[in-house]
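Undergrad: Sharing a structure, written as structure tokens. Questions coming.
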Amino acid sequence: MYTFLSYSIRVILVYFFTYMGTRFLTKKAIAEMTAYEMAGLMVFANVAAEPLVDKVVIKSVYGSGLLILLMMLIARLALVNRITQVVEHTATIIIQNGQIDFKQMKRLSLSLNQLLGLLRQQGYDRVSEVQAAIFEPQGSLSVFPKAENKPVTLKDMKIPPQNVPVSLPLILDGKVIKENLKYLDKTELWLMDEVRKQGIIDYRKQVVLAELDSSWNVTIYKKA
């Protein structure tokens with residue numbers, strides 16, 4: 001019984017320590033991580049899990065903390081222009097003036113089939129539509145169409161633009177998202193007035209979601 005309880009406690013400690021460590025390190029998606037971040041997280045997972053095998057928690061805490069400091073140091077060094085190219089991948093031009101650079105594609109181990117798939121994801125089904133394409137350090141593809149393939153803008157049509165707000169949640173599960181109100185330069189008093197207009201008496205108990213759409217209208221979804 002004691003062994004089972006001890007192991008359970010170690011599992012809980014390792015889980016929360018690993019969670020806090022990875023949360024502290026980065027907010028990037030896996031596909032957007034740099035090489036040093038990926039390497040650090042793989043080693044971090046092994047070091048953090050050591051107490052589940054050898055029962056020595058302090059060694060895992062020390063090793064994980066050292067890894068976090070090391071990754072933070074490399075991230076700081078990566079901000080220095082002279083060092084960036086050493087610790088991170090650099091952007092690579094793989095299409096220029098409508099021509100594919102097959103040497104760069106070979107260096108990146110990127111097949112033509114993969115390139116066409118990445119172009120389709122950006123809304124281009126033919127290479128002939130593309131003026132330039134850059135393979136970014138995070139593994140994504142930036143595509144710049146030829147002039148005749150660029151979408152028409154309001155400026156091209158000489159139509160004055162309107163300031164349209166981003167659709168944002170203002171109340172989520174009965175809680176006011178103050179950061180979004182601040183971003184929209186709105187107050188809680190304004191929000192409560194909008195809520196009352198739609199017959200809501202107690203938003204904490206009645207509203208599961210309230211969001212502002214592109215027409216400055218507050219849409220409310222009530223709790224079941």
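The values are calculated or read from the model by the stated rules, or taken from the named source; none is laboratory data. These numbers were taken from a predicted model, which means no experiment stands behind them. Glycine gets a Cβ as well: all are built from the backbone with ideal geometry, and neighbour counts include every protein chain shown.
Undergrad: Got a number for residues in the range 123-138 being surrounded by 14 or more Cβ atoms within 10 Å (Cβ to Cβ) and farther than 13 Å from residue 98 by Cα?
TA: So the count comes out to 3.
Undergrad: Restrict the check to the range 88-101 and report whether at least one residue is modelled with pLDDT of 85 or more, hydrophobic (A, V, I, L, M, F, W, C) and not in a strand (DSSP E or B).
TA: No: zero hits.
Undergrad: List the pairs whose first member sits in the range 117-134 and is touching a residue at least 40 places away in the same chain (Cβ under 8 Å) and assigned by TED's automatic domain parsing to the domain that holds residue 145, whose second member is β-branched (Val, Ile, Thr) and in a helix (DSSP H, G or I), and whose Cβ atoms are under 9 Å apart, counting only residues at least 6 apart or on separate chains?
TA: As it stands, the answer is 133/127, since those pairs meet every condition given.
Undergrad: Looking only at the range 49-61, decide whether some residue is modelled with pLDDT of 70 or more, in a helix (DSSP H, G or I) and exposed (fewer than 15 other Cβ atoms within 10 Å of the Cβ).
TA: Yes: one or more hits.
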